[in-house]
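Asks: Got a structure here, written out as structure tokens. Questions coming.
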Amino acid sequence: TDCLSPIGEEQVLKGLKNVIAADFYAASTRPPAVYRGNPFQVEVGIAWGGPAFPQEELVRVLRFANRVPLLYQQSACAIYRAIVATNWKSYGLGQSKGALPTGPAAISVHLASVWVPFTSESKEAIAHYPEIIKEIRLALQEVGRQLGAHVNRRARQKDELKKRSYIETYMPTIA
């Protein structure tokens with residue numbers, strides 16, 4: 001697996017921050033794994049919130065294979081299938097069954113491999129190997145947990161400010 005050249009968590013975060021203005025960023029790099037004797041490594045980054053995202057639209061998916069963006073056939077890709085199969089509701093994003101999650105977020109997924117299993121010669125989508133989908137889902141769940149903690153923290157802060165405003169409003173009357 002020393003032949004792989006991953007981007008790295010720091011560079012994934014730096015790239016997301018340069019391209020997308022958001023309130024929260026998280027990245028995860030999975031350890032190398034093997035499918036059909038070929039090593040591969042999955043890296044995932046997520047950007048959430050901020051002025052760049054409408055609240056109730058589907059998340060933006062940025063797919064990469066060996067540092068090259070995959071622009072076409074999004075729904076035919078293993079990355080898309082792994083994102084749809086992940087339960088995003090527990091991480092603070094809405095999701096209809098069989099669809100991408102909705103919310104103010106962008107998800108970046110990079111697959112580094114010596115032999116990327118594309119679905120066709122056009123190299124537009126990654127094939128649905130169970131090992132690849134599993135590793136992508138695990139990486140998505142790692143960044144999802146970080147996102148969920150951030151969203152819950154913001155909700156608690158918002159509730160606390162609301163309670164403080166009630167107390168400040170009625171404190172002179174009670175005193």
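Asks: Report, ordered by the first and then the second residue, all pairs with beta carbons closer than 6 Å, sequence separation of six or more or different chains, a first member in the stretch 149-165 that is open to solvent by less than 100 Å² (accessible area, probe 1.4 Å), and a second member that is not in a helix (DSSP H, G or I).
Replies: Partner pairs satisfying both residue conditions: 150/24; 151/92.
Asks: Please specify each residue of the stretch 41-56 satisfying the condition of being in contact with a strand residue (DSSP E or B) (Cβ under 7 Å, 6 or more places away or on another chain) and open to solvent by 40 Å² or more (accessible area, probe 1.4 Å).
Replies: Let us first name the residues in the stretch 41-56 that are in contact with a strand residue (DSSP E or B) (Cβ under 7 Å, 6 or more places away or on another chain), namely 41-49, 53, 56.
56 - this is the single residue of the stretch 41-56 that is in contact with a strand residue (DSSP E or B) (Cβ under 7 Å, 6 or more places away or on another chain) and open to solvent by 40 Å² or more (accessible area, probe 1.4 Å).
Asks: Those residues that are hydrophobic (A, V, I, L, M, F, W, C), in contact with a Leu (Cβ under 8 Å, 6 or more places away or on another chain) and over 16 Å from residue 135 (Cα atoms), I need them from the stretch 8-45; list them, please.
Replies: Residues of the stretch 8-45 hydrophobic (A, V, I, L, M, F, W, C): 12-13, 16, 19-22, 24, 26-27, 33-34, 40, 42, 44.
Remaining after also requiring in contact with a Leu (Cβ under 8 Å, 6 or more places away or on another chain): 22, 24, 26-27, 40, 42, 44.
Those that are hydrophobic (A, V, I, L, M, F, W, C), in contact with a Leu (Cβ under 8 Å, 6 or more places away or on another chain) and over 16 Å from residue 135 (Cα atoms): 22, 24, 26.
Asks: Could I ask something else about it? Would you be able to tell me the number of residues in the stretch 1-27 that are touching a residue at least 12 places away in the same chain (Cβ under 8 Å) and either on the phi > 0 side of the Ramachandran plot or assigned to a loop (DSSP other than H, G, I, E, B) (or both)?
Replies: Summing the residues that are touching a residue at least 12 places away in the same chain (Cβ under 8 Å) and either on the phi > 0 side of the Ramachandran plot or assigned to a loop (DSSP other than H, G, I, E, B) (or both) in the stretch 1-27 gives 11.
Asks: Moving to a separate point now. Looking at the stretch 28-40, can you tell me whether even one residue there is open to solvent by less than 50 Å² (accessible area, probe 1.4 Å), touching a Pro at 6+ places or on another chain (Cβ under 6 Å), touching a residue at least 40 places away in the same chain (Cβ under 8 Å) and at positive phi?
Replies: no
Asks: Something else now. Hey, residue 93 hits all of (1) among the hydrophobic types (A, V, I, L, M, F, W, C); (2) within 30 Å of residue 3 (Cα to Cα); (3) buried (at least 18 other Cβ atoms within 10 Å of the Cβ) but one; which does it fall short on?
Replies: (2)
Asks: Here's a follow-up. Among the residues of the stretch 123-175 satisfying the criterion of being of a type in the set (A, V, I, L, M), in contact with a helix residue (DSSP H, G or I) (Cβ under 7 Å, 6 or more places away or on another chain) and assigned to a loop (DSSP other than H, G, I, E, B), which is nearest to residue 71 (Cα to Cα)?
Replies: In this case the residue turns out to be 125.
Asks: Which numbered condition trips up residue 131, out of (1) out of contact with any Phe, Trp or Tyr (no Cβ under 6 Å at 6 or more places or on another chain); (2) over 24 Å from residue 54 (Cα atoms)?
Replies: Going through (1) out of contact with any Phe, Trp or Tyr (no Cβ under 6 Å at 6 or more places or on another chain); (2) over 24 Å from residue 54 (Cα atoms) one by one, residue 131 breaks only (1).
Asks: Looking at the stretch 118-134, I want the residues that are among the hydrophobic types (A, V, I, L, M, F, W, C) and have a partner that is surrounded by fewer than 14 Cβ atoms within 10 Å (Cβ to Cβ) with Cβ atoms under 9 Å, at least 6 apart or on another chain. Which pairs are those?
Replies: Close Cβ pairs (under 9 Å, with a partner that is surrounded by fewer than 14 Cβ atoms within 10 Å (Cβ to Cβ)) amount to 125/72; 125/75; 133/85.
Asks: Is it the case that some residue within the stretch 62-79 is polar (S, T, N, Q), surrounded by fewer than 15 Cβ atoms within 10 Å (Cβ to Cβ), without any contact (Cβ under 8 Å) to a residue 40 or more places away in the chain and touching a strand residue (DSSP E or B) at 6+ places or on another chain (Cβ under 8 Å)?
Replies: The initial filter retains those residues of the stretch 62-79 that are polar (S, T, N, Q), namely 66, 73-75.
Still in the running and surrounded by fewer than 15 Cβ atoms within 10 Å (Cβ to Cβ): 75.
Pick out the ones that are also without any contact (Cβ under 8 Å) to a residue 40 or more places away in the chain and you get 75.
In the following step, the residues that additionally are touching a strand residue (DSSP E or B) at 6+ places or on another chain (Cβ under 8 Å) were identified as none.
No, that holds for no residue.
The values are calculated or read from the model by the stated rules, or taken from the named source; none is laboratory data. As the structure is a prediction and not an experimental result, all values here were calculated from the model. Neighbour counts run over all protein chains shown; Cβ positions are idealised from the backbone, glycine included. Heavy atoms of the whole protein, side chains included, go into the accessibility calculation; ligands, DNA and RNA do not. Shrake-Rupley method; radii C 1.70, N 1.55, O 1.52, S 1.80 Å.
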